[in-house]
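Below: the structure, in structure tokens.
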């Protein structure tokens, strides 16, 4: 049974011990997947539960609250993706001032002697943890000798001769290079969420949209050719706007997907929007007629691109 917990302290969750992997896992790219799958394989070999530890908010967001770094994945998608890799338990630890102040040695001790009873701890290349990023593989191995657990670091995963990283994915998304992003992720880049009610301006302009909130700093913004998953047996062609809607004074990032030739009620449904191609930047128009004219051009452009571009989903291989 999959279990989600939010604190590293508390009653024992793994009385017989566990195999633990630790990471931010933003985007859950090929490197993250390799780490989790390695931990799951080791746990199965030892007959122990496999546990991942991550953080929410991400440490970089906490330390840069005035200008947080772009986020690839919202918590729900990260949780579902991690459990989908075979984990038994996931600790999405509340990262705040208290956890930030914990020394690396004390954090390692909690993981070993606390509620997880870690027998093995695995991290990705160059991962750091603890106060002032003082913890690394060498410290984990030294603590392991002291406390009786093994620690290791998986080999980096490379695509195109360079190590896979969330930074590379963010750069690809900013550049509108969704083929490169998909190669690093092992799947097309998508944003998922539950459809919420908006101002319904798109409906009055002839372009009703399915709206997803994104309460983090997004890694991309603009107008895109997209496909929506979760509506029917096949991804639904669409054109989407992702940003702060400058013409209508938007604030919080909102993903608005107009599904071509769709007639139905999607409110409350969980969908995923797959990004296929970038059409243009967000732009402030002088009035609604000018905005509507551009929406017609965007829709026509998106239809042409989607008709000429088969879905990447069936072509991706996740090693």
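The values are calculated or read from the model by the stated rules, or taken from the named source; none is laboratory data. These figures come from a predicted structure and were not determined experimentally. Don't worry about glycine lacking a Cβ; one is built from the backbone with ideal geometry, like all the others, and counts go over all protein chains shown.
When you scan the range 178-200, how many residues do you find that are out of contact with any strand residue (DSSP E or B) (no Cβ under 9 Å at 6 or more places or on another chain), surrounded by 22 or more Cβ atoms within 10 Å (Cβ to Cβ) and either modelled with pLDDT under 95 or assigned to a loop (DSSP other than H, G, I, E, B) (or both)?
The qualifying residues number 0.
Of everything in the range 66-98 that's in a helix (DSSP H, G or I) and touching a residue at least 60 places away in the same chain (Cβ under 8 Å), which residue is nearest to the chain's Cα centre (by Cα)?
Result: 77.
Which members of the range 118-138 meet the condition of being touching a strand residue (DSSP E or B) at 6+ places or on another chain (Cβ under 8 Å), closer than 16 Å to residue 55 by Cα and either not in a strand (DSSP E or B) or not assigned by TED's automatic domain parsing to the domain that holds residue 42 (or both)?
Residues satisfying the conditions are 124, 127, 128.
Which number in (1) at pLDDT below 95; (2) within 30 Å of residue 299 (Cα to Cα); (3) crowded, with 19+ Cβ neighbours inside 10 Å marks the one condition that residue 130 misses?
Residue 130 satisfies every listed condition except (2).
Between a first residue in the range 1-29 that is assigned by TED's automatic domain parsing to the domain that holds residue 192 and closer than 27 Å to residue 170 by Cβ and a second residue that is modelled with pLDDT under 95 and loosely packed, with under 12 Cβ neighbours inside 10 Å, which pairs have beta carbons less than 6 Å apart while being 6 or more apart in sequence or on different chains?
Matching pairs, first to second residue: none at all.
May I ask you to say which residue of 186, 193, 114 is touching a residue at least 40 places away in the same chain (Cβ under 8 Å), in the same structural domain as residue 253 (by TED's automatic domain parsing) and within 29 Å of residue 46 (Cβ to Cβ)? Walk me through it before giving the result.
Working: 193 fails: within 29 Å of residue 46 (Cβ to Cβ); 114 fails: in the same structural domain as residue 253 (by TED's automatic domain parsing).
One residue alone meets the criteria, 186.
Of (1) modelled with pLDDT of 95 or more; (2) surrounded by 20 or more Cβ atoms within 10 Å (Cβ to Cβ), residue 153 satisfies all except one. Which?
(2)
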